[in-house]
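The values are calculated or read from the model by the stated rules, or taken from the named source; none is laboratory data. Everything numeric in this text was worked out from a predicted model, so none of it was measured. As a convention, Cβ positions derive from the backbone with ideal geometry for all residues, glycine included, and neighbour counts pool all protein chains shown. When the accessible area is computed, the model is the full protein with side chains, heavy atoms only, and any ligands, DNA or RNA have been set aside. Shrake-Rupley method; radii C 1.70, N 1.55, O 1.52, S 1.80 Å.
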Amino acid sequence: MENVDLVVLRTLLDWRRSGKRALLATVVRTWGSSPRPIGSIMALCEDGSVVGSISGGCIEDDLIRSYGASKEFPSGPPQFLKYGITADEAHRFGLPCGGTLELLLEFEIDVEMLSQLVQQLSSGLLVQRITRLNDGVVQLSKVNAPEALSVSSQELRNTFGPEYRMLIIGAGQLSEYLAIMALFNGFNVTVCDPRAEYRGGWKVEGVTLTSEMPDDVVIAMKLDSRSCVVALTHDPKLDDLALLDALQTKAFYIGAIGSRRNSEARKQRLIEHFGHTEESISGLRGPIGIYIGSKTPPEIAVSVMAEILAVKNSVQLPRDMQVAIAKGGAGIKQDDPGTLSCGI
């Protein structure tokens, strides 16, 4: 599946190219609890069609009632709109207790500028969209790092990025389940495995499958802060060099499956044979995953994907979950008080 923002913008572009009127709604401020984060976008067509999400559904419904059936679809400069100002309104729109959010509505989206934005995002660029509030004129600017949405009395700045990328080392059954979940969450997924016997049984569509050596793939992909690497082969010949190269990048998540004992052995190999230190490999995660008692490949994939998303979203895991990861990680079962083995 594509990045959610790109889906919204591409659909909005299709509507505008076909001559339909449409608006773009962006969550620009929140107070208290809110169902969607700042920067979330939604597009609404004059026929009532909606793509994207800015709430649990109630605010979308209100916008459809207000604008989707309007004979005089709004035009002119952007407008701010608040929801959940009172407790009754918050309840009516399904907002959490005390929750308030503010939207910016843009009505006359320029087709040429929107087309450029979609093209740049499709090419893997990180782009900042700057909207002038007095007249709705938009300027696009390429940026090197993600930036939080900012809004002032003069302009809105919202950064749109390409898809998050996941590199999975190994094409086994666990990799298939993890790839499916990553695609579902909007990641662009590459799976590398030089072993023909594993590649031959691959069944997941929408994934780039390559037979190159994993360390070569890591270098070729030029991993950035929107990339993650997950090693799932259990084979040091395939995993270790790739993990070493990945640690030299800005990838937000680098991890390898295995028991606590195997993970410690891997770290010792990197220190003893490749000149690393505890500090230089501190970014390597293992065992990976949030402990949920996983014993099957799909359950293990859930736990690994959950941890990746938590890191991506800068979520500090509860202490009990962190302790569970330290004790075992995904798919780890305790055979006896002193032995941990992978439960795949």
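Listed by chain and number, the aspartates and glutamates placed with their C-alpha closer than 14 angstrom to that of Lys312 are Glu163, Asp224; residues fewer than eight positions away on the same chain are left out.
Per residue, the accessible area of segment 230-271 comes to 40 Å², computed with a 1.4 Å probe over protein heavy atoms only. With a Förster radius of 25 Å applied to the C-beta separation of Leu241 and Val311, the computed FRET efficiency comes to 0.65.
Accessible area of Met221 (1.4 Å probe, protein heavy atoms only, ligands and nucleic acids ignored): about 30 Å². When Rg and the Kirkwood radius Rh are both evaluated on Cα atoms of segment 249-322, their ratio Rg/Rh stands at 0.99. Per-residue surface analysis assigns Asp235 an accessible area of about 30 Å², computed on protein heavy atoms at 1.4 Å probe radius.
What's the ranking of 209-216, 257-264 by average number of surrounding C-beta atoms within 10 Å, highest first? Intermediate results must be reported in sequence, preceding the final value.
Values: 209-216: 17.5, 257-264: 20.9.
Per-residue Cβ counts within 10 Å, averaged per peptide and sorted highest first, yield 257-264, 209-216.
Note the full-extension length gain between Glu112 and Leu81 as 0.36 nm times their separation in residues minus their Cα-Cα distance, in nm to one decimal.
Values: separation 31, 0.36 × 31 = 11.16 nm, distance 2.63 nm.
Answer, rounded to one decimal: 8.5 nm.
Lys-Lys pairs in segment 156-295 that are eight or more residues apart or on separate chains and whose Cα atoms lie under 22 Å of each other come to 5. In whole angstrom, segment 197-275 maps to an equivalent ellipsoid with semi-axes of 22, 17, 12, each derived as √(5λ) from the alpha carbon gyration tensor and ordered largest first.
Computed as a quarter of the hull surface, the mean projected area of the alpha carbon convex hull for segment 150-261 stands at 8.7 nm².
Given R₀ = 45 Å, FRET efficiency for Asp135-Gln248 by Cβ-Cβ distance, to 0.05? Don't skip to the answer; put the middle values down first.
Numbers: r = 46 Å, r/R0 = 1.02.
E(calc), rounded to 0.05, equals 0.45.
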